[in-house]
1. Considering segment 163-211 alone, what residues qualify as being away from the ligand (no atom under 14 Å from the Cβ) and basic (Lys, Arg)?
2. For segment 226-248, enumerate the residues that are in contact (Cβ under 8 Å) with a residue 12 or more places away in the chain and open to solvent by 20 Å² or more (accessible area, probe 1.4 Å).
3. Which residues, taken from segment 268-282, are open to solvent by less than 30 Å² (accessible area, probe 1.4 Å) and not basic (Lys, Arg)?
4. Looking at segment 239-328, what helices (runs of 4 or more DSSP H) fall wholly within it and have at least 1 residues that are more than 28 Å from Val221 (Cα to Cα)?
5. Of the residues that make up segment 195-205, is at least one part of a helix (DSSP H, G or I), among the polar types (S, T, N, Q) and surrounded by fewer than 17 Cβ atoms within 10 Å (Cβ to Cβ)?
6. Of all the helices (runs of 4 or more DSSP H) wholly in segment 29-137, which have at least 3 residues that are over 17 Å from the mean Cα position of the chain (by Cα) and in contact (Cβ under 8 Å) with a residue 40 or more places away in the chain?
7. Quick one: is Gly149 surrounded by 17 or more Cβ atoms within 10 Å (Cβ to Cβ), over 19 Å from Tyr46 (Cα atoms) and either assigned by TED's automatic domain parsing to the domain that holds Arg28 or of a type in the set (Val, Ile, Thr) (or both)?
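The values are calculated or read from the model by the stated rules, or taken from the named source; none is laboratory data. Small disclaimer: the values here were computed from a predicted structure and weren't measured. All Cβ positions, glycine included, derive from the backbone under ideal geometry; neighbour counts span all protein chains shown. All accessible areas refer to the heavy atoms of the entire protein, side chains included, with ligands and DNA or RNA removed. Shrake-Rupley method; radii C 1.70, N 1.55, O 1.52, S 1.80 Å.
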Amino acid sequence: MTLKKGVIFSGIQPSGTIHVGNYLGAIRNWVALLPEYEGIFCIVDYHAITVPYDPAAMQERIFDAAVVNISCGLDPGKCSLFVQSEVPEHTELAWILNCITPIGELERMTQFKTKSEQHRDSVNMGLLDYPVLQAADILLYKAVAVPVGEDQAQHLELSREIARKFNRRFGDFFPEPATLFSETLKVLGVDGKSKMSKSMGNDIGILADPKEVWERLRISVTDENRKRRQDPGDPAVCNVFTMHKGFSRAGDLAIIQAGCRNATLGCVDCKKILRDRIEELVAPFREKAAELRANPALVRGVLAEGAARCRKIAQKTMEQVRSRIGLR
Ligand code: AQP
């Protein structure tokens, strides 16, 4: 691997259909950063088992996550894409990092609190420990930066703190990974309130066909103060406009903003423009996905190659870590 500005690492959970939020907040940025950085991208199945899930569906979800990422432009010839559980060093390093991470730091994580509420019958150790495994994912490859959506900012802060703790205790070793946000910090769900999430049922699949996209956009909440067609709206508080910023051209954006503010453009027409812009971008992605689904061996080959490359890096890091902490 050629060294560029260093390694970027990021992960995506195989916990459901990859959506517009994942694409605008993460995947598109991963693709854009590849000319500058060495990219390592991981389908984080160990993370996905921290909440209730269907074991029978897991392999299909992992395969689908790989297909969607590659189709959306993540070129496996230019980065490594692999499945987390195929590199067991992730959990080994997580255990070691557990031993320097105060429980209090984990209990105050917003995602832990939200998911504990969401899954009251399954508040397990893995859910609490999620950010430590995430720190291990990143530090294992000595990543210098992590491109994520805004929801992951707090976890990344903790990853840096864990790296500092390790370095203070065992000598300078891990770089402190910077957070790299995309232009879209956070996409809300069709409810216009909570974050668009795979598990919340409020999402728009990135590879959905225009009919499905329209079904989701049709019910999407816009500026709630715009009660009637003739009322002016405020694009700054409208999640449909957030998506427009991700998919529409600068010239269109100015027209949409002005039309919303002076009520010459209604929400339905505004959503129809968005549907068309999404379709322009993702129609080729869908075609690519169909090709990949017809050739599962190719996809599995990409994941196997990625895992083999990453395992080597991970094994080397772990030899050094074990030696530093006084094991073997
Ligand atoms: N709504 C969003 N807006 C912007 N970025 C987002 N990301 C997720 N949702 C949004 C970013 O996508 C990357 C992968 O996320 P993930 O799959 O690992 O986990 P998540 O953040 O928990 O995503 P979901 O969709 O909400 O999954 P569930 O419902 O299973 O928890 C991350 O970089 C994330 O910031």
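1. Arg164, Lys165, Arg168, Arg169, Lys211
2. Within segment 226-248, Arg226, Arg229, Gln230, Asp231, Pro232, Asp234, Val237, Thr242, Lys245, Phe247 qualify.
3. Within segment 268-282, Cys270, Leu274, Ile278, Val282 meet the criteria.
4. Of the helices (runs of 4 or more DSSP H) lying wholly inside segment 239-328, those with at least 1 residues that are more than 28 Å from Val221 (Cα to Cα) span 267-293, 296-325.
5. Yes.
6. By residue number, 89-98.
7. It is true that Gly149 is surrounded by 17 or more Cβ atoms within 10 Å (Cβ to Cβ), over 19 Å from Tyr46 (Cα atoms) and either assigned by TED's automatic domain parsing to the domain that holds Arg28 or of a type in the set (Val, Ile, Thr) (or both).
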